[in-house]
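**Q** Pasting in a structure now, in structure tokens, and then I'll have a few things to ask.
The values are calculated or read from the model by the stated rules, or taken from the named source; none is laboratory data. These numbers come from a predicted model, not from an experiment. All Cβ positions, even for glycine, are placed from backbone atoms using ideal geometry, and neighbour counts span all protein chains on display. Note: areas computed on protein heavy atoms with side chains; ligands, DNA, RNA excluded. Shrake-Rupley method; radii C 1.70, N 1.55, O 1.52, S 1.80 Å.
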Amino acid sequence: QENGHTAVFAGGCVRDSIAKIDFNDIDIATSAPSEVVQKILKYSGFAIKEVGKTFGVVIAKKCNCEFEIATFRKDIGCNGRHPEKVEHATMEEDASRRDFTINAIFFDPIKNTYFDYENGESDIKNKRLRFVGDIEKRISEDYLRILRFVRFWAKGYIPSRENVEIADSMSINFPKFVAPERISKELMEKILNSDKVSEFFNCLQRMPNLFYTLFKEVVILKSVEQNPEFHPEGNVYNHTMLVVHNLSKMNANPLLYLAGLFHDIGKTETTFIDENGNIKSPSHEKAGTAITQEIMKKYRFSSFDVDYVSGLVSDHMKLHFPGMKKSSLRKLMAKPYFDDLLKLVKADIESSNKDFSVYEEYMKKIEELEKTVTRELPKAFVTGDTLLSLGLNPGPDFKKILEAAMDEQLEGKIKSEEEGILFVRAFLPKL
């Protein structure tokens, strides 16, 4: 402003300030072109990075604070995600191209003045969720706004039934315009990384087209029934939504939420009714692991994320049944997602017949084990070099011997390399 330009706070920081909600991100909108912004800030001691040259966006940093500064603009020829080009505009024109009225308010902290061209302040105070202008036009400019629509709905801003129906009907075209990796980014950073996950899925259930478009494998669980003895809550879909809800009480992270969403997804392929009329889903966790990997690869999650979530799905039944060997339990405890596995199993039980007896027995065993051993597996007494020194040739039996020896070591039956060698010699005739 000292250099003769208009500059105001914009977007979420203004919205949350009016709503008296804490915020972290601070966006500034200005009449100054990005090259002028950079010149002004450079001489004011800010570190500057141009991140959106086409859109006139600059990131400015100083004293551990970061600000996104964008030139007022209007978008020309939007293609469903991005405009073909942008032009410098007035503040009012910039407001008219934003998504929701609650995000279209500007605040001048120098003059202590709001600029509210779309009646957004009233919508914030009355918890109304309205698109700026025509809803179909706003969505057709950027289909990702449909997910943002549900996200703000989950925060407590209430849309009209008509807008819900229009947004849901347009969701059919969602995958045509929004890249898979952009969907996963929105899920992980904005939706599943919040305290409104349960509310988000409550809203999503009222948008069946969008839910099916995003996670059809979850929606079709409505047709998969379960044994009422173990699942009085009903079909697998009902159970899954309860699991997500119960995870929201446990400070779950985004990957754990995905595991909760997918943990019983394999029941679509494995469920049948036996000769006695009992509903069974044998090895559904194995089938679910493959489906989970397929979904996450479609959305281009990292290999780490795919392995983490599919591992939780694969192992989620192991603590439901008694009798696990000490060695198997210790291997399970060594997995990077073990703490999340405990939360997933707890939510799974809480969302079904609430019989925690087996789970509580395992928790006692885990507590006892952690008094004497670390979760990290010990160094093996029997290694490949050990087997080579005994004159064994590398081959398929190598893995069997090494796994059997490690199991014995974890059970406390092998306590030295010498005892390991004796075990191998006794084990060889069994191969």
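**Q** If each Cα of the chain is one equal point scatterer, what is log10 of I(q)/I(0) from the Debye formula at q = 0.06 Å⁻¹?
**A** Relative scattering, expressed as log10 I(q)/I(0), comes to -0.38.
**Q** State, as an integer percentage, the relative contact order of the chain based on alpha-carbon contacts under 8 Å between residues 6 or more apart. Please list the in-between numbers first.
**A** Values: 621 pairs, mean separation 36.5, N = 431.
In percent, rounded to a whole number, it is 8.
**Q** A further question on this structure: Between F115 and residues 5 or more places away or on another chain, which pairs have amide H atoms under 5 Å apart, with H built 1.01 Å from N, and which residues are they?
**A** F106, F107, D108
**Q** Further question: Around G266, what is the net charge, scoring Lys/Arg as +1 and Asp/Glu as -1 over all other residues with Cβ under 9 Å from its Cβ? Before the final figure, lay out each step's value.
**A** Numbers: positive: K267, K286; negative: D264, E269, E285.
Once all neighbours under 9 Å are counted, the net charge is -1.
**Q** Can you send over the carbon and sulfur percentage of the accessible area for segment 88-204, probe radius 1.4 Å, protein chains only?
**A** Values: 2470 of 5240 Å².
For segment 88-204, the apolar C and S fraction of the accessible surface comes to 47 percent.
**Q** Would segment 140-212 count as rounded, prolate or oblate if I go by the C-alpha gyration tensor, calling it rounded below 1.5 in a/c and otherwise prolate when a/b exceeds b/c, oblate otherwise? Intermediate values should be presented prior to the final figure.
**A** Details: a/c = 1.73, a/b = 1.04, b/c = 1.67.
Judged from the Cα gyration tensor, segment 140-212 comes out oblate (a/c at least 1.5, b/c at or above a/b).
**Q** Once you have a ≥ b ≥ c as the square roots of the Cα gyration tensor eigenvalues for segment 200-280, tell me rounded if a/c is under 1.5, and otherwise prolate or oblate according to whether a/b is larger than b/c. Intermediate results must be reported in sequence, preceding the final value.
**A** Working: a/c = 2.13, a/b = 1.56, b/c = 1.36.
Prolate, because a/c is 1.5 or more and a/b exceeds b/c.
**Q** Let me ask you something else. How large is the dipole of segment 339-431 about the Cα centre if only Lys and Arg carry +1 and Asp and Glu carry -1, each at its Cβ, rounded to the nearest 20 debye? Provide the component values of the computation, followed by the final result.
**A** Working: 14 positive and 20 negative charges, 51 e Å.
Its charge dipole is roughly 240 debye.
**Q** Moving to a separate point now. Keeping all protein chains in position, work out how much accessible area E419 exposes to a 1.4 Å probe, and write it in Å² to the nearest 10.
**A** Counting only protein heavy atoms, E419 exposes about 80 Å² to solvent.
**Q** What lysines does K39 reach when the alpha-carbon gap must be under 30 Å and sequence neighbours fewer than 8 apart in one chain are set aside?
**A** Candidates past the 8-residue exclusion: K49, K53, K61, K62, K74, K85, K111.
**Q** Continuing with this model, one more query. Before I look further, what does the chain give for accessible area per residue, probe 1.4 Å, in whole square angstrom? Walk me through the numbers on the way to the answer.
**A** Working: 22310 Å² over 431 residues.
Using a 1.4 Å probe on heavy atoms only, each residue of the chain averages 52 Å².
**Q** With every protein chain present, what accessible area does I135 have (1.4 Å probe, heavy atoms only), rounded to the nearest 10 Å²?
**A** 10
**Q** Would you be so kind as to identify which of P33, P175, N119 lies farthest towards the positive end of the dipole of the chain, taking Lys and Arg as +1 and Asp and Glu as -1 on Cβ and the Cα centre as origin?
**A** P33
**Q** Say R0 is 51 Å: what FRET efficiency, to the nearest 0.05, do I59 and S357 get from their beta-carbon distance? Working shown, then result.
**A** On the way: r = 54 Å, r/R0 = 1.07.
Taking R0 as 51 Å, the efficiency between I59 and S357 is 0.40.
**Q** If DNA, RNA and ligands are ignored and the probe is 1.4 Å, what is the ranking of M296, M406 by accessible area, most exposed first? Numbers along the way, then the final one.
**A** Details: M296 0, M406 35 Å².
Largest accessible area first, the list is M406, M296.
**Q** Greater than 32 Å separation of Cα atoms is the criterion. Which listed pairs, K127/K297; K185/K267; K196/K280; K155/K222, meet it?
**A** Values: K127/K297 37 Å; K185/K267 27 Å; K196/K280 34 Å; K155/K222 26 Å.
As for pairs spanning more than 32 Å Cα to Cα, those are K127/K297; K196/K280.
**Q** Quick one: net charge around T101, please, counting Lys, Arg +1 and Asp, Glu -1 for every other residue with C-beta under 10 Å from its C-beta. Each step should come with its number before you reach the end.
**A** Details: positive: R15, R98, R128, R130; negative: D99, D116, E118, E121, D123.
Taking every other residue near T101 into account, the sum is -1.
**Q** Suppose every Lys and Arg Cβ carries +1 and every Asp and Glu Cβ carries -1, with no other charges. What dipole size does segment 44-196 come out with about its Cα centre, to the nearest 20 debye? Walk me through the numbers on the way to the answer.
**A** Numbers: 27 positive and 26 negative charges, 83 e Å.
Dipole about the Cα centre, nearest 20: 400 debye.
**Q** Let me see the pair-distance distribution of segment 355-431: every alpha carbon pair, 10 Å bin width, integer percents in order.
**A** The percentages, shortest bin first, are 17, 41, 22, 16, 4, 0.
**Q** Any chance you could check the Cα centroid distance between segment 231-296 and segment 162-176 for me, in angstrom?
**A** Result: 27 Å between the Cα centres.
**Q** E136 to E92: FRET efficiency via 1/(1 + (r/R0)^6), r the Cβ-Cβ distance, R0 25 Å, to the nearest 0.05? Please list the in-between numbers first.
**A** Working: r = 22 Å, r/R0 = 0.88.
So the FRET efficiency works out to roughly 0.70.
**Q** Averaging the inverse of every distinct alpha carbon separation and then flipping it gives the Kirkwood radius. What is it for segment 1-112, in angstrom units? The partial results should precede the final answer.
**A** On the way: mean 1/r = 0.0685 Å⁻¹.
Evaluated over segment 1-112, this radius sits at 14.6 Å.
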